[in-house]
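Here the structure comes first, spelled out in structure tokens, and everything after it is commentary.
The values are calculated or read from the model by the stated rules, or taken from the named source; none is laboratory data. For clarity, every value in this text was computed on a predicted model and none was experimentally measured. Methodologically, a virtual Cβ is constructed for each residue, glycine included, from the backbone with ideal geometry; neighbour enumeration extends over all protein chains shown. Ligands, DNA and RNA are stripped out before the accessible areas are found, and what is left, the full protein with its side chains, is counted by its heavy atoms. Shrake-Rupley method; radii C 1.70, N 1.55, O 1.52, S 1.80 Å.
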Amino acid sequence: MLTSISSNNSHVHFNEKAYVELNNLLEVKAYSKLFLLVDENTHQNCLNVFLGKLDKEHAFEIIEIPSGESYKQIETCSQVWESISELGGDRKSLLINLGGGVVTDLGGFVAATYMRGIEFVNIPTSLLAMVDASVGGKTGVDLGSLKNQVGVFTEPLMVLVDTEYLNSLPGNELRSGLAEMLKHGLICDLNYWEQLSRMDQLDPSVLDELIHRSVEIKNQVITQDPREGGLRKILNFGHTLGHAIESYFLEQPDKTRLLHGEAIAIGMIMEAYLSVHLTGLPYQRLEEIKSVFSNYYKPQHIEQQELESIIELMRFDKKNNSGKVNFALLEDIAKPVWDINTDNDLIYKALEYYKK
Ligand SMILES: NC(=O)c1ccc[n+]([C@@H]2O[C@H](COP(=O)([O-])OP(=O)(O)OC[C@H]3O[C@@H](n4cnc5c(N)ncnc54)[C@H](O)[C@@H]3O)[C@@H](O)[C@H]2O)c1
């Protein structure tokens, strides 16, 4: 059985143990109302799986939002706050977020702000939400196309990771989650990176252990620096460029939408290139990183002039300080550094390298 992982005020439980904990919580705490937030896909694919794992029937109020990043907006929060209010939610209510990173980010923010805060539980149903989004206490929504500009740090009571939900997850979404796992290896654990690099597709037989390792790595970082004063910035490796690329693709009607993992995979290749020039990452490591990501993610077409808009979007990155764009980079695999600046010329060269 996989051991539970505890952070500052929260616990991540795995598979059967997860439902023992949840059943216990629902038994012990006298919640006045139970709300369950889903999107249309998790409503259809995950709700019955979830209900089937409970010891007994509970009167859940189901609230559904449309799926996808474009709905991770304050307007969707308003609709959820209104639904909770109309259905009689009070401070003793519990919100359970059953979904991918959009549901756990948005649901966590709704819970943190409804009546100044109600308790919530995350049940991630995408790989990305299992290994990353549902853990660590960052919640929030996008502001237009700008990623995660509005939000709060707040921890769920517990996170329940059950890989059974992945049975219905589309393959491209599974690959999107893998990008964050590869990042965990790159920033913290050479063996883990090598193990993931050797697989040419995700091997379901070892997925439970891999997810557990990723949560362990994220947890080690966030327990030391819950509010991102320093060390936690390493979790943003690939995200400074990656978020700007994701935002750029979101706001271009003629571009196919990039999944979060696909965007940060490009960000990680480009930021590995910056690392060679700014922090001494050996060149052969860069080649290795590019080759591993190229196995999983098809190349995206980005013109040099589009990079101008992407660089412009990086002005909104939350790691910036006094107008300077700050990157988390690598000295080597598992040797991360943060608060590194660069000039735009090198970013243009990084794009050239990505496209080569
Ligand atoms: N809070 C954090 O620390 C953190 C970290 C990383 C990413 N994020 C955020 O997470 C989001 C991306 O998460 P995501 O990739 O899970 O996106 P998502 O929530 O949009 O889920 C991806 C798609 O898969 C569907 N889906 C989810 N689980 C399913 C299942 N079991 N079966 C069938 N369909 C399913 C969803 O409906 C959606 O269409 C981004 O908004 C990103 O900014 C947050």
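Numerical summary
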read-out	value
10 °C / 1.306 mPa s Stokes-Einstein diffusion coefficient of region 1-141, Kirkwood radius on C-alpha pairs, µm²/s	105 µm²/s
Listed peptides 146-154, 328-336, 222-230 by packing density, highest first (mean Cβ within 10 Å)	328-336, 146-154, 222-230
C-alpha long axis of helix 344-355 to longest principal axis of the chain, angle in °	80 degrees
Proximal lysines relative to LYS324, as straight alpha-carbon distance under 24 Å, when same-chain residues fewer than 8 apart are discounted	LYS138, LYS147, LYS183, LYS233, LYS335, LYS349
Per residue, in Å², the accessible surface of region 151-266 once ligands and nucleic acids are set aside, probe 1.4 Å	37 Å²
Distance histogram in 10 Å bins (all Cα pairs of the chain, percent per bin)	5, 26, 35, 23, 9, 2, 0
Computed log₁₀ I(q)/I(0) - Debye formula, equal Cα scatterers, no solvent, region 1-61, q 0.19 Å⁻¹	-0.89
Per-residue [θ]222 nm for the chain (sum of -39500 (n - 2.57) over DSSP H runs n ≥ 4, rounded to 500)	-15000 deg cm²/dmol
Percent accessible area from carbon and sulfur atoms, the chain, protein chains only, probe 1.4 Å	47 percent
Percent RCO, i.e. relative contact order, over region 72-153, from Cα pairs under 8 Å lying at least 6 residues apart	31 percent
Size of electric dipole in the chain: Cβ of Lys, Arg +1 and of Asp, Glu -1, about Cα centre, debye, nearest 20	620 debye
Whole-number accessible area per residue in Å² for region 1-105, which is evaluated in the context of all protein chains at 1.4 Å	49 Å²
Ranked packing of 314-321, 348-355, most packed first, by mean Cβ within 10 Å	348-355, 314-321
Folded to 0 to 90 degrees: helix 15-28 orientation relative to the chain principal axis, Cα	40 degrees
C-alpha long axis of helix 101-113 to longest principal axis of the chain, angle in °	60 degrees
